[in-house]
Amino acid sequence: MIALVLAMDLNGAIGKNGAMPWPVIPYDLKYFKELTLCHYIIMGRKTYDSIGGPLIDRLNIVVSKSGNVEMHRRVGKKLKDIGPITMVVDSLDKAIAMCSPRSTSFIIGGKTLYDEYWTKADQIFLTRVKETYEDCDTFMPDVDEALYRVKSIKTMYRRPWKFEYPDIDIIIYDRIPEVDKRPYVYPEHFIYLNGRVQPRTFQCPPR
């Protein structure tokens, strides 16, 4: 299963000068960690550099056409930390091919990778930051409701003693299966004919 994880403000902005337009939100960061822990995470080279290296207890795959990625290593603070594992590939398709189909693989940025799977991902985990930010230079469109349905919405409010952090909605979208996209046919649209259930538009053969 392929899932996208991203945050955007009310105008669809996701980036400003290579970073997030808003300060790091602790409760969103905790949610992101719990969501992606012990899974594959796929990111572009710029995203990899912006977070300062691989994330611990996750299998990090970096997509870089040039392959010029400076490897970092983070040392876990606890003995249970397995340390970061990083692989570099030159395309998103190759990154996905490296992931186990039995596990959810998360695409965590940037925009180029999001665009490639914006209408093909199985799930979208969207953090909607309930503010607007100026001078942003990277945007994403709204989720296509013809392709995805809302599975759940959870609102997390700013703490009264920490006004610098905005309220957020954590929205999970599931891709609508192809069978659910067909028009619903009501029972009265069928007729029992010659021992079989047939559409009412069925034309009887001439006798």
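Details
- Residue satisfying all of: in segment 113-139; in a helix (DSSP H, G or I) and either at pLDDT below 95 or within 14 Å of residue 40 (Cβ to Cβ) (or both); nearest to the chain's Cα centre (by Cα) among these: 117
- Top-ranked residue of segment 83-112 - restricted to ones that are assigned to a loop (DSSP other than H, G, I, E, B) and more than 15 Å from the chain's Cα centre (by Cα), ranked as nearest to residue 52 (Cα to Cα): 84
- Test: residue 146 is outside any strand (DSSP E or B), touching a Lys or Arg at 6+ places or on another chain (Cβ under 9 Å), within 30 Å of residue 91 (Cα to Cα) and at pLDDT below 95: yes
- Residues of segment 98-134 that turn out to be closer than 18 Å to residue 20 by Cβ and aromatic (Phe, Trp, Tyr), as a count: 4
- Residue in segment 46-54 that is crowded, with 16+ Cβ neighbours inside 10 Å, small (Gly, Ala, Ser), at pLDDT below 95 and closer than 29 Å to residue 141 by Cβ present: no
The values are calculated or read from the model by the stated rules, or taken from the named source; none is laboratory data. Note that the coordinates shown come from a computational prediction; the quantities given were computed from them, not determined experimentally. Methodologically, a virtual Cβ is constructed for each residue, glycine included, from the backbone with ideal geometry; neighbour enumeration extends over all protein chains shown.
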